[in-house]
Amino acid sequence: MPILSTPTGHLPSRARRWSWALVLACGLMLGYYVQQTYFSPKQRQYQLDFGDAQWIEPPEVAPLAYFRKEVFLSARPEQAWVEVAATDDYELIVNSHTVGKEAAVKTRVAGIYDIKKRLKAGTNVIAVSISRTSYPGSAQLLVRGLIKEHGGRVTSLLSDEHWRVAANTGIVEGSAEWTSPLVEEELWPNARRSVIKEKAIPIAWVETNPLLLQLPTSGSWIMAESAGTEAVFWKQLPHLAAPTASPSQNREETQPGVGAKGSEAPAKTTSTASASQNREETQPEVGAKGSEAPAKTTTSLFEPVVLSAYDISYWIKKGPNAIVAAVRTDHGPACLFANGFLVRKDGSTARFETNSGWQIGDQPAGNQPAQSHRAIEFGKDGSAPWGYLSQDLARPIDRSGFATLAKSCMVISSTAIAIVAVWLLVSAIAAGRRREPFNYAMSRDALFHGPIAAGLLLLILPNYDLRFPTSWSFQPKFVIGAILVLLAIRLLHLWANGRTAFGLKSRMAQLRQTEFRAVLPYLLLAAIMALGLGLRYHNLGYMSFDHDEMGLVTKSKGIYKLGFPYLIWAGQVRWLTTYEAVPYPLALSGLIFGYSEWSMRLPACVMGTLCIGIIALMGRRLFNWRVGLFAAFVYACMPLNIRWAQNAFYLSQCQFMSILTIWLFYEAIRVRPLHRRYQTAASAAFCLAYLSWEGSGFLLPALFIALMVVRWGEWWWLKEFHLYRCLFFMAAVVIAEYCSRTIAGIPYLMIGSGLSNIAGPSLFFLTPAYTPEFYIDKLWLVENHVFFTIMIFLGLPFCWAHRGFRYVFTVLVMLWFLHTNFLAALSPRYCYYYQPLVILAGTAAAVMLYDRVVSLAYREGNSTVARVAAHATGLAVMTLLFLQSNEWLMKEYSLSSRGDEPGLMTRMNTYRYDYRGAAQYVKSHFQPGDAILPGIPHVFAYYAGMPGDYVLDTLLGTKTGYNQLLAVPGFIDKFAGLPVLRNLTELRDVVSRSHRTWVVFAPYSSFEKLSNPNVLDYLNQTAKVEFETYRAKVMLVERATQPKSIAKTP
């Protein structure tokens, strides 16, 4: 980048604007931190302590597991809690009642629960089902708990080898559930201790303070002596010598207290009412770190009463604090039960509870004595009619009001104004002491704000990593540290010197003249491509084929016979009418290496690697080497791109051809007249992209709009005859493909709906299914794209003048707009072929921002400290983009607009569907006379080496054809031509004629969608789950009609 010289004392207006922008960005970021830390505290989160509990798993590797533990109690407990942690997804069940569940892909989720209301005298079963999506490894469980009976008898719960576990629920014969105490648990296998290589495994944080359940409840039910229907209860807490984090609690009318900080003070409260009371919630203005929870009021003395927990830390102040609770009922006496604790800075706790020491009436105001009297106690926790109260965390405070918004804006704007004022003051002082122009001092001081702003932005990332609490960044130490650094960095004005910078510039100029500099980008590109190839090749054949891959693999074998991909369906040759170009690389790989998961995915792996090079070269031609190499590096490491490069479906090939088309078309239009060879090459690449997936046809209108934007106000290109020849050729291919699809489907009678019904664009935005935010969530704001999207739109004001950025941005936005409004099908994979444009545009905006900041340092006077600050800012922004683009260091799983809801291909090492395991299990247990009902028949046939007999589709939820060539003409499935069972009667008939009937549900979610409720009920009653794996189940239906005995284990 050339050094920009300016007259002494003069600074261009653009440089001044960038100075203001840097300072305002820093002020707004710091103001946001101040507002979130001190004025809008978040709900606290806690790390559970599992003590001596051990991670356990099934004796053999299994992604799904069912753990259970029997506990005998002589009486119902007065206190019982359990902590649970598990891999990915768990459900806690106590005596056949679901107590809680958590799910997060590639995370050890956790929770703590109050289970005393679910326990009973006698034998109790505590069970946990776990479904693991990530691999490798088994489903793993960690449990710690305590049960205290009346009288002091304590039972501890710790996960160890004494827990029982099964890999499927079919281990239980009979009608009993696997969670039933009637099951003979001693016949279940024992769990084994997991071999954990890491010293400490990070477990997700929870929102419930474990002390709420671990400390025994204390206190008494209290009421007024008059037994009135309304009462105001209050209690003075002990004076606090230093600020804690516990405010005054109130109910409804009263709102005391000013928040302080240092520790926490959760409280548990509840109120009751008479049997005829209308349901009413009393809402105190309490909460902690931005959370609130109302106490619950019941409608009857005999309805369950919940002991709701509040974190009132935000309102506790130094000195006296009071808790006020206003209770009102329609009939019967107003009653209250409360107990709580304060945790001081040194870790000690101070407890408080309702008792006869509480007052009823008004609090004292100033020197006026309070007109109140003492409450009376009439029962402990556990007293009739409520019994021992179940405990729960109350709901958080709703802070969406205008007052909260106004306060937040005021805090942020005040902080920004203060930062600007200090900036102007320090700049004036520095300019006077150094006897330099004020504008130079302003620019240099503004550059010092850049690293602070970028650092604060980087510091936000852990909030979206489930290994950290969601408010981890908003701590006073970070705010104070940022302010101190911002003040201390001004000392660098004393070392502002331009000579060193110019010396460094001369050395850099010498490096630029060497031949090594010309070769270096290509060496870096080769290293990035090698890294990308290694990431894509690793575990290439680990997962089984999915049904989309298997469809193309099966059709590719027809190329050896007839020269084109096809399958035999209903006795006739039916050629492939979509993804026509994809099977040819598969056939070539199969011819050389044979057919296997590895060989069929090798073409996608190669094309995904080549796409790295295309992105780098495209970035270099449209922008510079820095943009190209960084975008290629991000693409090489992004999990989404790695996963699809390990899949044999059309996406990698379509993306490769589409990005090549976009690049070649830009090369054609960047010169005048249009470059004919690039036009021809772009047309050929488009045809291959369209024949890989016809949805890429939206490239034509997107490229046309991009041409108009790049050549805005120019119309000479309309006279380019070769452009029309290329357009005619592409149109011919599109029309021919459409005719081929229409002709191929004419001879068949089809019912149902499928993607093949979508022959082309439509006015999707006029239909009820129109979802305009779908691709915003799945493309712009998915977890690895968020900051690229932010950079794209922040960079529009200063990047739009760049022709390459205008081109990429226009193509990207037009493709998003066309898919959102004119394609009547929604899927995250449909935007994948132009997804690299998000990376490229975001990277280009970040690099241009980097250059503008460095340019400001040159204009300031080219001092060393200014250039160091500018480069620190730019490098921090680039680091931010890379860290959030992958999961190698930071796991930003909750960064997306939808929270922690990833797609199947968004994260590394997550299994889609284990067709192979399900098919091989059926094959190893198959007996003559058995009938097989596979979910996806062509994948089952490949792995089992034998075809299925029928397909179960009782709702005709997929597109189904009719085959008149069968012995009994009927409907057949679209994959392998197997007869379709359409109702429960046909299913019963197959079961009655077969020795045994195997029902393979892979994927399991499709089974529920394709079967009506009576079929599901029939299978749940008569079938037994024999095998479970990733998103797949195998069920066995015996022909015997005798009722099964209950709770017998083989």
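Taking V968 as the residue in question, decide whether it is of a type in the set (A, V, I, L, M), in a loop (DSSP other than H, G, I, E, B) and more than 40 Å from the chain's Cα centre (by Cα). Criteria met by V968.
Candidates F656, F630, F649, F665: the one that is of a type in the set (F, W, Y) and not in a helix (DSSP H, G or I) is F649. When restricted to residues that are surrounded by 15 or more Cβ atoms within 10 Å (Cβ to Cβ), among the polar types (S, T, N, Q) and modelled with pLDDT of 95 or more, region 402-427 contains 1. It is to be established whether one or more residues within region 976-984 are surrounded by fewer than 18 Cβ atoms within 10 Å (Cβ to Cβ) and among the small types (G, A, S). No: region 976-984 contains no residue that is surrounded by fewer than 18 Cβ atoms within 10 Å (Cβ to Cβ) and among the small types (G, A, S). The set of residues from region 911-961 being assigned to a helix (DSSP H, G or I), over 33 Å from the mean Cα position of the chain (by Cα) and hydrophobic (A, V, I, L, M, F, W, C) comprises V922, A941, A944.
Look at region 345-358: where a residue is part of a strand (DSSP E or B) and a partner is surrounded by fewer than 17 Cβ atoms within 10 Å (Cβ to Cβ) and at pLDDT below 80, sitting 6+ places away or on another chain with Cβ atoms under 9 Å, you get A350/P238; F352/P238.
Before we move on, is G122 within 20 Å of R164 (Cα to Cα), surrounded by fewer than 21 Cβ atoms within 10 Å (Cβ to Cβ) and assigned by TED's automatic domain parsing to the domain that holds V165? Taking the combined requirement at face value, the residue satisfies it. State whether one or more residues within region 576-583 are modelled with pLDDT of 95 or more and in a helix (DSSP H, G or I). Yes, some residue in region 576-583 is modelled with pLDDT of 95 or more and in a helix (DSSP H, G or I).
For region 827-851, a residue qualifies if it is charged (D, E, K, R) and surrounded by fewer than 20 Cβ atoms within 10 Å (Cβ to Cβ), and exactly one does: D851. In region 472-486, the residue that is farthest from N439 (Cα to Cα) out of those that are without any contact (Cβ under 8 Å) to a residue 60 or more places away in the chain and either β-branched (V, I, T) or assigned to a helix (DSSP H, G or I) (or both) is K477.
Out of the residues in region 530-575 that are in a strand (DSSP E or B) and either of a type outside the set (A, V, I, L, M, F, W, C) or out of contact with any Ser or Thr (no Cβ under 7 Å at 6 or more places or on another chain) (or both), state the one that is nearest to C605 (Cα to Cα).
Y566
Can you tell me how many residues within region 675-715 are free of Cβ contacts under 8 Å to residues at least 24 places away in the same chain and either part of a helix (DSSP H, G or I) or within 17 Å of L664 (Cβ to Cβ) (or both)? So the answer is 7. For region 888-904, a tally of residues being surrounded by 21 or more Cβ atoms within 10 Å (Cβ to Cβ) and either in the same structural domain as R829 (by TED's automatic domain parsing) or among the basic types (K, R) (or both) returns 1.
For H871, the criteria (1) of a type outside the set (A, V, I, L, M, F, W, C); (2) outside any helix (DSSP H, G or I); (3) surrounded by fewer than 20 Cβ atoms within 10 Å (Cβ to Cβ) hold in every case but one, which is (2).
Every condition in (1) without any contact (Cβ under 8 Å) to a residue 12 or more places away in the chain; (2) under 24 Å from T843 (Cβ atoms) is met by I592 except one, and the failing one is (2). Looking only at residues in region 930-973 that are under 18 Å from S596 (Cα atoms) and among the hydroxyl-bearing types (S, T, Y), which one is surrounded by the fewest Cβ atoms within 10 Å (Cβ to Cβ)? Applying the filter and picking the extreme gives Y942.
Taking region 192-232 as the search range and keeping residues that are part of a strand (DSSP E or B) and among the small types (G, A, S), which one is surrounded by the most Cβ atoms within 10 Å (Cβ to Cβ)?
Step by step, filter region 192-232, then rank; the result is A231.
On the stretch given as region 779-826, residues that are outside any helix (DSSP H, G or I), in contact with a Lys or Arg (Cβ under 9 Å, 6 or more places away or on another chain) and either buried (at least 23 other Cβ atoms within 10 Å of the Cβ) or not assigned by TED's automatic domain parsing to the domain that holds S762 (or both) total 2.
For region 47-68, the condition of being over 28 Å from P469 (Cα atoms), in a strand (DSSP E or B) and β-branched (V, I, T) holds for none of the residues.
The values are calculated or read from the model by the stated rules, or taken from the named source; none is laboratory data. Please read all numbers here as calculations on a predicted model, not as lab measurements. Backbone-built Cβ (ideal geometry, glycine too); neighbour counts: all protein chains shown.
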